[in-house]
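Notes to accompany the following structure.
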Ligand SMILES: O=C(O)CCC(=O)C(=O)O
């Protein structure tokens, strides 16, 4: 039986307010480092996206070859699908709802640093099945987020198919915790197909073991302050012809480093 928490309080002088689901997600990500939100995608669009995902992956394997991808442990990832896949990949990276949430977490400008299709294969180890931060090798904490990731769930994320494990609030600790702590505190985030799982990029997480007979598919996005270099240069690999200025900014078109001093000076606003 559900036993609801008390609603009364005493001795409280300050209180956060969360008046809508986005604010509530922001409050939870700030405190615990994770939340889920529905993307609002229709069933028809989601089914069509599943086909886009699979055909894009098949094409990618054909382009780069099974051998190269296997030997680099890249067989379960498709890098930067929005640069070579159907437009639906750009659409899930630029969802208004998602960007408004990220805008409440990262202060000031942010860019898309990377987009990766991820496949958690049935009954096999895979490259994301080890604990990591999405800003790997970093052991500092920041007072407000500098990078946020958003995993678009192509399939339901369930305990059985290896839904993402996280360590709540670990974005606030410098060190990776002990195995005893992990055993006691790791939880799995179950989510519906079409949801985004949003994480502070400094939260330790790992894909779980998929004990079903089907792959569990997702598309991970990392959004960062513009100071970080992109995983793969997006402006050089995307046709900007039909993109709005806002989307170009999000994809980093304004933030490539100037090639020389004259380039830098030309990029400055005129007084
Ligand atoms: O597959 C997952 O659940 C986790 C994905 C992940 O850790 C990542 O893409 O950084």
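Bear in mind these aren't lab numbers, they're just calculated from the coordinates by the rules spelled out. Quick caveat: nothing in here was measured; it's all calculated off a predicted structure. Note: ideal-geometry Cβ built from the backbone for every residue, glycine included; neighbour counts use all protein chains shown.
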Quiz prompt | the chain: C-alpha gyration tensor shape, a/c 1.5 cut-off, then a/b vs b/c | solution = oblate
Exercise. For the chain, calculate the relative contact order in percent as a whole number, restricting contacts to Cα pairs under 8 Å that are 6 or more residues apart.
Key: 25 percent
Quiz item: With the contact rule set at Cα under 8 Å and sequence spacing of 6 or more, what percent relative contact order holds for the stretch 117-205?
Solution: 43 percent
Quiz item: Mind checking which of 140, 157, 89 has the largest fluctuation in a GNM of the chain, springs on alpha carbons under 10 Å?
Solution: 140
Quiz item: Which of 229, 124, 172 moves the most in a Gaussian network model of the chain with Cα springs under 10 Å?
Solution: 124
Exercise. State the Kirkwood hydrodynamic radius of the stretch 120-253 in Å, one decimal place, computed from all pairs of distinct Cα atoms.
Key: 16.3 Å
Quiz prompt | Sequence-separation-based contact order of the stretch 74-171, relative, with Cα cut under 8 Å and 6+ spacing, percent | solution = 34 percent
Practice problem: Determine the shape class of the stretch 34-95: with a ≥ b ≥ c the square roots of the Cα gyration tensor eigenvalues, call it rounded for a/c under 1.5, and otherwise prolate if a/b is greater than b/c, oblate otherwise. | Solution: prolate
Exercise. Take the alpha-carbon centre of the stretch 152-175, take the same for the stretch 38-54, and report the distance between them in whole Å.
Key: 21 Å
Self-check item: Choice from 219, 12, 154 showing the highest fluctuation, given a GNM over the chain with Cα pairs closer than 10 Å
Solution: 12
Self-check item: Part-to-part distance (alpha-carbon centres) for the stretch 63-127 and the stretch 227-242, which is given in Å
Solution: 13 Å
Practice problem: Starting with the highest mean, order 162-171, 51-60, 114-123 by the number of other Cβ atoms within 10 Å, averaged over the residues of each peptide. | Solution: 162-171, 114-123, 51-60
Quiz item: Which value in deg cm²/dmol, rounded to the nearest 500, describes the helix-derived mean residue ellipticity at 222 nm for the chain, given -39,500 (n - 2.57) per DSSP H run of n ≥ 4 and division by the residue count?
Solution: -8000 deg cm²/dmol
Practice problem: Using per-residue counts of other Cβ atoms within 10 Å, averaged over each peptide, order 197-207, 29-39, 14-24 from highest down. | Solution: 197-207, 29-39, 14-24
